[in-house]
Amino acid sequence: MFLDLRPFSRPWRPLQIVIKRNEISEDLWSQARNITQESSLIVEGTIVENPRAPGGVELHAKDIVITHIAKSPYPLGKKSHPPEILMQWRHLAIRSTRYTKIWIVRDHLLSLAREYFRINNWFEVSPPIIVSTAVEGGATLFEIKYFDNSKAYLSQSAQLYLEVMIFSLGKVWSLTPSFRAEKSRTRRHLAEYWHLEAEAAWYDFKDNLRVQEELISYIIKGLLDNDVTREIIKEFRGDTEYLEGIKPPFKRVSYDEAIDILQSNKIGIKWGDDIGADEEKVLSEAIGEPFFLTHFPSHLKAFYVKLDPKRPETCLAADLLAPEGYGEIIGGSEREDKIDILVERIEKEGFDPNAYSWYLDLRRYGSVPHSGFGLGVERLLWWILKIDHIRDTIPFPRLARVKKFI
């Protein structure tokens, strides 16, 4: 009898269990025949090399303790299932070895990000998730009811609070969930995702890009230096050659240049139009390597982005786009430090400056040049593993449309 076991100590690599009838008691053999998919057991035996077995070894059982027999039939049999079924049974689907491998890479990715910030003397902080003001725009806010019936929102970004913290700590970062009430139903959008954000005093636009490319390169190198994550990435991607070649500095492509590239590819776009997912895909495939898309028209970016002093119709913002058609994984900018410009742009976006009085105080009562960025953890993992849909990068995805909400 052959069983595939997910070992507690090595869940990403199944271990084949071989049970020979003449080597165990008749009673134990009878019990073993009743083992169902997802049952749990403790097996004692001898490890034997077998090149045909998963991982090159198998365990020849001498004794088995069955701790739990799972109900049969199991809702997810050993076959491929359509996405809607996997979402319906998400709480069981994520037990599979495929998802286990994704979670392991995700864990290492976050550990490496934290390591990068620690060795470079950044401080981790804990901003709030229930907030009173918008960052990215009112149309994508999830509104909630607070204690005294006043309005509050789920955070779109920790950025404004990180800006507060730089005045006491200098260089800060956080890892928090962010929420976007977008109606988008694409393979790259989540309504709730994990947001790694950083903000630094005395960092200008160029410093900001340097930190981003260093962070991404550090994470990728660390994943490839680890035997387990390297093996998993190779399995998902087919090879690791492409990722091995990713090193800073990354290419810089201005918005002006991007418009020229898109127009030469017969994309109907003109200067001043937003560059969306479809356009990002064309650009990432055309350029073929990670690159910063820089100097957007100022009306395309949020009120806090600093205008380019040399060309005020553009701003000091950049998106880091992943290659292979995956598009934006980081958005960042130098921050506007002139209070009159901030107020004007807050009003232009339809917000009440009084709601941002505390944020404006950061400019009234002593400020410094500063910059920051936000990285979508799922977007980065999605690209590194070359996964088809972003929903598979997080255990419990929050999407615009789901039939079952866990």
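Of the strands (runs of 3 or more DSSP E) lying entirely inside the range 10-79, those containing at least 1 residues that are open to solvent by less than 50 Å² (accessible area, probe 1.4 Å), more than 30 Å from residue 227 (Cα to Cα) and out of contact with any His (no Cβ under 6 Å at 6 or more places or on another chain) are 57-68. Would you mind stating whether residue 362 is hydrophobic (A, V, I, L, M, F, W, C), crowded, with 21+ Cβ neighbours inside 10 Å and more than 21 Å from residue 211 (Cα to Cα)? Taking the combined requirement at face value, the residue satisfies it. Name the single residue, out of those in the range 124-166 being surrounded by fewer than 16 Cβ atoms within 10 Å (Cβ to Cβ) and touching a helix residue (DSSP H, G or I) at 6+ places or on another chain (Cβ under 8 Å), that is modelled with the lowest pLDDT. Of everything passing the filter in the range 124-166, 132 is modelled with the lowest pLDDT. Of the candidates 333, 367, the single residue that is of a type in the set (Gly, Ala, Ser), out of contact with any strand residue (DSSP E or B) (no Cβ under 7 Å at 6 or more places or on another chain), under 20 Å from residue 162 (Cα atoms) and open to solvent by less than 50 Å² (accessible area, probe 1.4 Å) is 367.
Yes/no per residue for (1) free of Cβ contacts under 8 Å to residues at least 40 places away in the same chain; (2) open to solvent by 50 Å² or more (accessible area, probe 1.4 Å); (3) part of a helix (DSSP H, G or I); (4) among the β-branched types (Val, Ile, Thr):
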residue: 235; (1), (2), (3), (4): no, yes, yes, no
residue: 239; (1), (2), (3), (4): yes, yes, no, no
residue: 248; (1), (2), (3), (4): yes, yes, no, no
residue: 258; (1), (2), (3), (4): yes, no, yes, no
residue: 263; (1), (2), (3), (4): yes, yes, yes, no
residue: 269; (1), (2), (3), (4): yes, no, no, yes
residue: 278; (1), (2), (3), (4): yes, yes, yes, no
residue: 281; (1), (2), (3), (4): no, yes, yes, no
residue: 293; (1), (2), (3), (4): no, no, no, no
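Kindly check whether there is at least one residue in the range 87-101 that is of a type in the set (Lys, Arg), open to solvent by 50 Å² or more (accessible area, probe 1.4 Å) and farther than 14 Å from residue 215 by Cβ. Scanning the range 87-101 turns up at least one residue that is of a type in the set (Lys, Arg), open to solvent by 50 Å² or more (accessible area, probe 1.4 Å) and farther than 14 Å from residue 215 by Cβ. Of everything in the range 201-226 that's assigned to a helix (DSSP H, G or I) and over 22 Å from the mean Cα position of the chain (by Cα), which residue is surrounded by the most Cβ atoms within 10 Å (Cβ to Cβ)? Once the filter is applied, the top-ranked residue is 205. Residue pairs whose Cβ atoms lie under 6 Å apart, separated by 6 or more positions or on different chains, with the first residue in the range 44-68 and in contact (Cβ under 8 Å) with a residue 40 or more places away in the chain and charged (D, E, K, R) and the second open to solvent by less than 50 Å² (accessible area, probe 1.4 Å) and outside any strand (DSSP E or B), are 58/50. Selection of the range 106-146 for residues being aliphatic (A, V, I, L, M) and without any contact (Cβ under 8 Å) to a residue 60 or more places away in the chain yields 119, 125, 129, 130, 131, 139, 141, 144. Exactly one residue out of 191, 201 is touching a Lys or Arg at 6+ places or on another chain (Cβ under 8 Å), more than 21 Å from residue 382 (Cα to Cα) and not β-branched (Val, Ile, Thr): that is 201. The combined condition, being among the charged types (D, E, K, R), surrounded by 15 or more Cβ atoms within 10 Å (Cβ to Cβ), under 20 Å from residue 162 (Cβ atoms) and at pLDDT 95 or above, is not fulfilled by residue 345.
Of all the criteria given as (1) touching a strand residue (DSSP E or B) at 6+ places or on another chain (Cβ under 6 Å); (2) at pLDDT 95 or above, the one not satisfied by residue 63 is (2).
The values are calculated or read from the model by the stated rules, or taken from the named source; none is laboratory data. Note that the structure is a prediction, hence the values are computed from the model and not measured. Neighbour counts run over all protein chains shown; Cβ positions are idealised from the backbone, glycine included. These area figures cover heavy atoms from the full protein model, side chains too; ligands, DNA and RNA do not enter into them. Shrake-Rupley method; radii C 1.70, N 1.55, O 1.52, S 1.80 Å.
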